[in-house]
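The values are calculated or read from the model by the stated rules, or taken from the named source; none is laboratory data. This structure is a prediction, so every number in the text was calculated from the model and none was measured. Note: ideal-geometry Cβ built from the backbone for every residue, glycine included; neighbour counts use all protein chains shown. Only protein heavy atoms, including side chains, enter the accessible area calculation; ligands, DNA and RNA are left aside. Shrake-Rupley method; radii C 1.70, N 1.55, O 1.52, S 1.80 Å.
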There are 2 protein chains.
Amino acid sequence: MKNIFLTFLALVLWGSTYSQNYTQYVNPFIGTTNFGTTNPGAIVPQGMVSVVPFNVTGSDKNKWDKDAMWWSTPYSYDNSFLTGFSHVNLSGVGCPDLGVIMVMPTTGKVDARIKKYGSLMSEQQAEPGYYSCQLDKYGIKAEVTATQRTGLSKFTFPEGQSNILIDLGNSLTNEMGASIKIVNSTEVEGFRMTGNFCYEGNSERPVYFVARFSQPAKSFGAFKKMPAMQAEEAWSSTADKFKYYEGFLHPVAGDSIGAYFSFDTKQNESVAVQVGVSYVSIDNARQNLEFESTEFDFEATRANAHQQWESTLSKIKVEGGTNDQKTVFYSALYHMHIHPNIINDVNGQYPLMESYGTGEVTDRNRYTIFSLWDTYRNFHPLMSLVYPDKQLDMVRSMVDMYKEGGWLPKWELNSKETFTMNGDPSFPVIVDTYLRGLTDFDVDAAYEGMIKSATTPEKDNKIRLGNDFYLEHGYVPFTEDYDRSVSIALEYYLADWNLGQFAKALGKTDDYKRFDKQSKQYVNYYDKKEFKMLRPKHPDGTFLKSFDPLQGKDFEPVHGFHEGTAWQYTFGVPHDVKGLIKLNGGGKKFTQKLQYIFDDGLFDMANEPDMHYPFLFNYVKGEEWRAQKETRRLIDTYFKNSPDGLPGNDDCGTMSAWVVYGMMGIYPVSPGNMDYTITTPVFDKVTIALDNRFYPGKTFEIVRHSKNKGNFIQEIRIDGKPVNSFFINHKDVVEGAKMEITTGSK
Amino acid sequence: MKNIFLTFLALVLWGSTYSQNYTQYVNPFIGTTNFGTTNPGAIVPQGMVSVVPFNVTGSDKNKWDKDAMWWSTPYSYDNSFLTGFSHVNLSGVGCPDLGVIMVMPTTGKVDARIKKYGSLMSEQQAEPGYYSCQLDKYGIKAEVTATQRTGLSKFTFPEGQSNILIDLGNSLTNEMGASIKIVNSTEVEGFRMTGNFCYEGNSERPVYFVARFSQPAKSFGAFKKMPAMQAEEAWSSTADKFKYYEGFLHPVAGDSIGAYFSFDTKQNESVAVQVGVSYVSIDNARQNLEFESTEFDFEATRANAHQQWESTLSKIKVEGGTNDQKTVFYSALYHMHIHPNIINDVNGQYPLMESYGTGEVTDRNRYTIFSLWDTYRNFHPLMSLVYPDKQLDMVRSMVDMYKEGGWLPKWELNSKETFTMNGDPSFPVIVDTYLRGLTDFDVDAAYEGMIKSATTPEKDNKIRLGNDFYLEHGYVPFTEDYDRSVSIALEYYLADWNLGQFAKALGKTDDYKRFDKQSKQYVNYYDKKEFKMLRPKHPDGTFLKSFDPLQGKDFEPVHGFHEGTAWQYTFGVPHDVKGLIKLNGGGKKFTQKLQYIFDDGLFDMANEPDMHYPFLFNYVKGEEWRAQKETRRLIDTYFKNSPDGLPGNDDCGTMSAWVVYGMMGIYPVSPGNMDYTITTPVFDKVTIALDNRFYPGKTFEIVRHSKNKGNFIQEIRIDGKPVNSFFINHKDVVEGAKMEITTGSK
């Protein structure tokens, strides 16, 4: 099978020059400090495998240690002690999981202790699909690249005994346990448990792998940390130490196990290892490895990965702007193509949602890692616009999850629902996709899944907490300290509004009316008298007395809200901004309050609930300049071409999608609403290539005419005609509109 | 396949009455205290599986704890806290290994903590192939039985939630690590690492299993002990606790894992579980389980096991004697049929010696657990006489090990050489078997293997330590404190004498002369001047100065000897007793010295080196009465119908073989020497059924005519003719001799 892949690879390379038009503007180190939780590892777009330098354990020299705090990412730019390259990883996620199948090169005598085999790292380089660094302790150059389902590492060794360890103990996930079996001197197979997402999780699952080396090992073996012996009488030279099983070809299982392969290398001799992964079985991991075999041609594999990124990033072409701005933009677009990632093996098999069976897809991809509470806001609308084929497969995957597991996903991780975050965030994703014209999925099943989630009584409802009270009284009541009641209900309102829109589109008028009405009940939380904000409410209809709108800053516990203050949620009704304005006393008062949030530092760029706030000024005639001002300020302040260049967790590309939109000058304020609102583009020209399989237009262009230095919009023309609105409809966009924006100092 | 087995089972039962002629005299509790290290578990003769109550961990109420001392057995009669039934076990061994695949019934909420789920036990009952007890904590009756490769457990529960745990963390072996996968509500599969024999070992290997339940579990899941979290910041409700994976059908691996199956039982409802085992693969374990399926018919399975024991024990019929004497005798014969045990699966596959491949036998059994330094002395000669088919398969297995692994075995454990104990103990076993007329094995390969071991220079010799010096100078020199030099060399002399006898029988005269000469070199150690004993010798030929013949009592460290004093080794030349007598100054001085050993408490019945001593009196004319006196005293003193009824480790049936011979009144003083020496039988009549496929005679009978109360032999007749010797040749025995012994008070 491998020849098929290599032929394909050759064709790809033959058919294109090795260009760097877009990838030159990707800095994979962006977001690798400041809790961005991205990493500079090697991956192809939506790849199952990423090969990530793992440097968050084993040394006091590291600033961040995975075991010393809530640490959710395998890499930090602030750290320097490398203990290997992990092969399945989460990027931009705020909870730890995965970070396993660790491959580490060393020299000299094999030592399986992390603290002993780890090395200081230097000379890091990263580009899409490629990462390299120097291992100072050993004088090893490590280079890694990837295919969709395999990682390829090339280690250039000094002269002498050189080793490659596969350590299945070392991990980011707090789940433990693995099994490994050396097949022969060039191959090893096994599985590693993952899960314990957010230190609890529901995501326990083995990930299977097969690794092959580019040359036979001179010697090899397994290792395992032995338990301490309890008494002096029972002695053993390996008690509480690593035991080495030289030449061992049986399986070895345990909490802290691995295998080593040793080579007798000449100066600067390279040994490569390719690791195939599967979530179904070792057999599938081997099939993946064989189908995507690189035959250890590192440069060809790297070039192929590179080319995939060029092709992906080229869908949006920006002109003008500084190199740093382009880098912020394309790095964000890059980060949008890490998750959701494929989970189907080359034979089409994938783990069924919430069961232990195996599904199969043939003509499409099955996706996983849906951080939907984040991504519904902007990520999926952008995928729908620019990558409709991928977005459709993502929606198909979500609907399949409903068919398989009985519920639409909320925060899905490798076919397991983790129940992380709030609400019913699959609704806005699916409905938004449908309304954008991407309807080729099982619409009936999707609708059925939504109705089930929206209407099932609480005791049988796996997704909607507080549903009984919500359905009867229109809000989720505050019932205990630090509950998330308002945050939860706001998600329901948005979901129900989307469901209503879906019903309307499908001609289900009664459902439309019901859910549309339900979506407006957020007014229940509005405290007209005292705070004039959304405020937690008791079951008896009275507001929470000990209400402090500032409570919840910096992720401190807060009554009624989740990961934010009341300020950051009080305009959390993107589907009914007009109603919200009215509720807040009209445009002027609304604008004042909104501006107050920005001026008083109440806005939080690092999390999702208020990320649409700056665009809300556009809903008040004459106040649009504030949106232009605030968005540009936020972009310039929080999004940088540097490791701290993201304001917080990337949240599977949500933060990145925000800046991609922001820099293009459009933003989809509410999923399900087909209007993009308009602000000042950072670039002189933005050209989005439209996929003609889905959309009639060829490109959507945004052209900025800068009269002078100012960033304020003076005129907007669509296809040459001036428009009197700061909104452009999706229909115009996909029909291939050209939007011209003239800017000046006001 | 299972129907074949059941048909066979039915035939066996149909063809015989359910008799207790012999099994009524087996007390499986003999040897279960006083370091006998046997156990009362259920097993069939030479079964791969034994189902053993495991009560050596988890409670202060236990007298002996596996982790608090060098503890080598899964059970002690002194203990009372049961934590399950282990399915592969060593019996009568002085080093721990195996004791895994633990099945434990509980009630109520599942708790995977050993200390919590363990229970006090009572009402123990054991008979060959059956064991039962009451679990006081739960009111559960546990009953276990076995087939060759499976264990069948039946648990009778009270009303309510009843559980069966399969705990792969709990074990006797100090090797850790396992993988488990629940297949469905009635089946679970996995493997458990074993090894670390004697706390070091070379015996690491997974043992595979498949378990099936007699009814679907109402609920089930895996469990795993999670690691402790290092910091307060990283919280998890399962840190340092057991995590339960309800309904989990993926594999789970780790150090301390298992699975639970819960049932909703009525009062006195039984649930049975059958566990199939293999050392090759899970597939083979399943084949074993299916072929030997009992269809959960506990009573039929128990009856079948019982019948196998009746059949096995019936080969020696004793008459007269007390019930206790018969019980000591048949329990010893029972203990001789635990190890070596079969390791071939029903499809004939078994793990190849010292490699990771799989061999296959079709027309015979492959045996394992060869504690040869012990068993060469008496166990194998008795197997040759009474169970020649089994003995031949054992020798074939040993020769195959040479072919597979390059060396004849020394202390083989599940196809791994553990290098335990000293010398070259396969030689006496193989040669003795051959000389007894059991020649249908690959004699050339056996001879080749012996020559290789005897002549390969030390640096390439895996078996013979000190071989270079030994070959050149005729002894192994004392080179460091507490070395075993003399003990090692004594083994070589005996091995070489046997090799000489083998060469002679094969017409290889030069080899015969060479090795026979070599075997007499024990005289090198004889200190004529000072101690008149065998004494450690330096490389320069001088004797060890700090020599203390009493050093080494009770397993204390000793210079030049192993697990014994110089006294216990100084007559360790069974192959040349005449030479030994001469060396010691003739019969009188020899007798005096030997008697001194007994009189002064220098003899150790608890270990092997001197176990032939009491019979040595027979080599001095007129002193035979001393042999009769001492053997009877030793039998009466050390072998009892009680848990402390063995003087020490049974050593895979060696201690038992000693008393079986001793009570019959014959003993093979030296393997390779076809003479049995004669002492007073305990019984009035002993009838050994001879296997006509191998031996011409039908039975060998020993009849004792007791003139009065005395135990001293007055006359010996063979086939009616008085003989003037205290020896009877194997040839006479297997031709069906009748030996009559007349005893009196002197």
Q) Within region B:277-300, is even one residue within 14 Å of chain A (Cβ to nearest Cβ), open to solvent by 10 Å² or more (accessible area, probe 1.4 Å), more than 27 Å from the chain's Cα centre (by Cα) and not small (Gly, Ala, Ser)? A) yes
Q. Quick check, is residue A:72 farther than 18 Å from residue A:151 by Cα and buried (at least 20 other Cβ atoms within 10 Å of the Cβ)?
A. yes
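Please enumerate the residues belonging to region B:148-179 that are within 14 Å of chain A (Cβ to nearest Cβ) and either more than 27 Å from the chain's Cα centre (by Cα) or among the acidic types (Asp, Glu) (or both).
We begin by selecting, within region B:148-179, every residue within 14 Å of chain A (Cβ to nearest Cβ); these are B:168-179.
Across region B:148-179, the qualifying residues are B:175, B:179.
Residue-wise test of (1) assigned to a helix (DSSP H, G or I); (2) modelled with pLDDT of 95 or more.
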residue: B:550; (1), (2): no, no
residue: B:554; (1), (2): yes, no
residue: B:564; (1), (2): no, no
residue: B:575; (1), (2): yes, yes
residue: B:582; (1), (2): yes, yes
residue: B:589; (1), (2): yes, yes
residue: B:592; (1), (2): yes, yes
residue: B:596; (1), (2): yes, yes
residue: B:603; (1), (2): no, yes
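Looking at B:114, B:101 in this structure, which one is open to solvent by less than 30 Å² (accessible area, probe 1.4 Å) and of a type in the set (A, V, I, L, M)?
Details: B:114 fails: open to solvent by less than 30 Å² (accessible area, probe 1.4 Å).
Result of the check over B:114, B:101: B:101.
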Q.
I'd like the residue in region A:261-275 that is of a type in the set (Val, Ile, Thr) and out of contact with any Leu (no Cβ under 9 Å at 6 or more places or on another chain) and, out of all such residues, is farthest from the other protein chains (Cβ to nearest Cβ).
A. A:265
Q | The lone exception for residue A:30 - which of (1) more than 14 Å from chain B (Cβ to nearest Cβ); (2) surrounded by fewer than 24 Cβ atoms within 10 Å (Cβ to Cβ); (3) assigned to a loop (DSSP other than H, G, I, E, B); (4) out of contact with any Phe, Trp or Tyr (no Cβ under 8 Å at 6 or more places or on another chain) it fails | A | (2)
Q: Take region B:210-226 and flag every residue that is open to solvent by less than 20 Å² (accessible area, probe 1.4 Å) and either touching an Asp or Glu at 6+ places or on another chain (Cβ under 6 Å) or more than 12 Å from chain A (Cβ to nearest Cβ) (or both).
A: B:210, B:211, B:213, B:217, B:221
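Okay, residues lined up against (1) part of a strand (DSSP E or B); (2) at pLDDT 90 or above; (3) within 11 Å of chain B (Cβ to nearest Cβ); (4) open to solvent by less than 10 Å² (accessible area, probe 1.4 Å):
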residue	(1), (2), (3), (4)
A:235	no, no, yes, no
A:243	yes, yes, yes, no
A:249	no, yes, yes, no
A:259	yes, yes, no, yes
Q) Do you know which of the residues in region A:129-168 that are touching a residue at least 60 places away in the same chain (Cβ under 8 Å) and not in a strand (DSSP E or B) is nearest to residue A:288 (Cα to Cα)? A) A:149
Q) Which of (1) open to solvent by 10 Å² or more (accessible area, probe 1.4 Å); (2) modelled with pLDDT of 95 or more is the odd one out, the single condition residue A:686 does not satisfy? A) (1)
Q) Looking at (1) at pLDDT 95 or above; (2) on the phi > 0 side of the Ramachandran plot; (3) open to solvent by 20 Å² or more (accessible area, probe 1.4 Å), which is the only condition residue B:254 fails? A) (3)
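Please specify each residue of region A:523-540 satisfying the condition of being under 14 Å from residue A:489 (Cβ atoms) and in a loop (DSSP other than H, G, I, E, B). Reasoning before the result, please.
Taking region A:523-540 as the starting set, the residues that turn out to be under 14 Å from residue A:489 (Cβ atoms) are A:523-526, A:534-539.
The answer is A:535, A:536, A:538, A:539.
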(Q) Return the residues of region B:590-623 that are in contact (Cβ under 8 Å) with a residue 40 or more places away in the chain and either open to solvent by 30 Å² or more (accessible area, probe 1.4 Å) or more than 31 Å from the chain's Cα centre (by Cα) (or both); say none if nothing qualifies. (A) B:593, B:604, B:619
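Does residue A:206 fit the bill of being more than 34 Å from the chain's Cα centre (by Cα) and either facing chain B (nearest Cβ under 9 Å) or surrounded by fewer than 20 Cβ atoms within 10 Å (Cβ to Cβ) (or both)? Full working, then the answer.
Details: more than 34 Å from the chain's Cα centre (by Cα): no; either facing chain B (nearest Cβ under 9 Å) or surrounded by fewer than 20 Cβ atoms within 10 Å (Cβ to Cβ) (or both): yes.
Judged against the criteria, residue A:206 is not a match.
Looking only at residues in region B:447-486 that are aliphatic (A, V, I, L, M) and under 31 Å from the mean Cα position of the chain (by Cα), which one is nearest to residue B:559 (Cα to Cα)?
Quick first cut of region B:447-486, residues aliphatic (A, V, I, L, M) only: B:450-451, B:454, B:463, B:465, B:471, B:476, B:486.
From what's left, under 31 Å from the mean Cα position of the chain (by Cα): B:450-451, B:454, B:463, B:465, B:476, B:486.
Details: B:450: 28, B:451: 29, B:454: 25, B:463: 21, B:465: 16, B:476: 13, B:486: 9 Å.
Looking at residues that are aliphatic (A, V, I, L, M) and under 31 Å from the mean Cα position of the chain (by Cα), I get B:486.
For the structure I just gave you, tell me whether residue B:428 is within 16 Å of residue B:502 (Cα to Cα), of a type outside the set (D, E, K, R) and touching a Phe, Trp or Tyr at 6+ places or on another chain (Cβ under 6 Å). Break it down stepwise before answering.
On the way: within 16 Å of residue B:502 (Cα to Cα): yes; of a type outside the set (D, E, K, R): yes; touching a Phe, Trp or Tyr at 6+ places or on another chain (Cβ under 6 Å): yes.
Spelling it out, residue B:428 is indeed within 16 Å of residue B:502 (Cα to Cα), of a type outside the set (D, E, K, R) and touching a Phe, Trp or Tyr at 6+ places or on another chain (Cβ under 6 Å).
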**Q.** Unique residue being outside any strand (DSSP E or B) and surrounded by fewer than 18 Cβ atoms within 10 Å (Cβ to Cβ) when the list is A:229, A:176
**A.** A:229
**Q.** Residues satisfying the stated conditions in region A:684-698, i.e. farther than 12 Å from residue A:739 by Cα and in a strand (DSSP E or B)
**A.** A:689
Q: Kindly indicate which of B:454, B:445 is surrounded by 23 or more Cβ atoms within 10 Å (Cβ to Cβ) and in contact (Cβ under 8 Å) with a residue 12 or more places away in the chain.
A: B:454
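If you check residue B:489 against the conditions, is it at pLDDT 95 or above, part of a helix (DSSP H, G or I), touching a helix residue (DSSP H, G or I) at 6+ places or on another chain (Cβ under 6 Å) and open to solvent by less than 10 Å² (accessible area, probe 1.4 Å)?
Details: at pLDDT 95 or above: yes; part of a helix (DSSP H, G or I): yes; touching a helix residue (DSSP H, G or I) at 6+ places or on another chain (Cβ under 6 Å): no; open to solvent by less than 10 Å² (accessible area, probe 1.4 Å): yes.
So residue B:489 fails the test.
Residues B:201, B:177, B:190, B:139: which one is modelled with pLDDT of 95 or more and over 25 Å from residue B:263 (Cα atoms)?
Working: B:201 fails: modelled with pLDDT of 95 or more; B:190 fails: over 25 Å from residue B:263 (Cα atoms); B:139 fails: over 25 Å from residue B:263 (Cα atoms).
Result of the check over B:201, B:177, B:190, B:139: B:177.
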Q | Residue list for region B:466-520, restricted to those being of a type in the set (Phe, Trp, Tyr) and touching a residue at least 24 places away in the same chain (Cβ under 8 Å) | A | B:469, B:475, B:478, B:482, B:492, B:493, B:497, B:502, B:515
Q: Would you check which residues across region A:324-358 are more than 16 Å from residue A:149 (Cβ to Cβ), open to solvent by 10 Å² or more (accessible area, probe 1.4 Å) and not hydroxyl-bearing (Ser, Thr, Tyr) and list them?
A: A:324, A:325, A:326, A:328, A:352, A:354, A:357
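Collect the residues in region A:180-197 that are open to solvent by 10 Å² or more (accessible area, probe 1.4 Å) and within 9 Å of chain B (Cβ to nearest Cβ), keeping them in residue-number order. Steps first, answer last, please.
Going through region A:180-197, the residues open to solvent by 10 Å² or more (accessible area, probe 1.4 Å) turn out to be A:181, A:183-187, A:189, A:191.
If the condition is that a residue be open to solvent by 10 Å² or more (accessible area, probe 1.4 Å) and within 9 Å of chain B (Cβ to nearest Cβ), then A:191 is the only one that fits.
Could we say that residue B:669 is assigned to a strand (DSSP E or B) and within 29 Å of the chain's Cα centre (by Cα) here? Explain how you work it out, then say what you get.
Values: assigned to a strand (DSSP E or B): no; within 29 Å of the chain's Cα centre (by Cα): yes.
In short, no.
Just to be sure, is residue A:607 closer than 23 Å to residue A:570 by Cα, in a loop (DSSP other than H, G, I, E, B), at pLDDT below 95 and not aromatic (Phe, Trp, Tyr)?
On the way: closer than 23 Å to residue A:570 by Cα: yes; in a loop (DSSP other than H, G, I, E, B): yes; at pLDDT below 95: yes; not aromatic (Phe, Trp, Tyr): yes.
Yes; evaluated as a whole, the condition is true for this residue.
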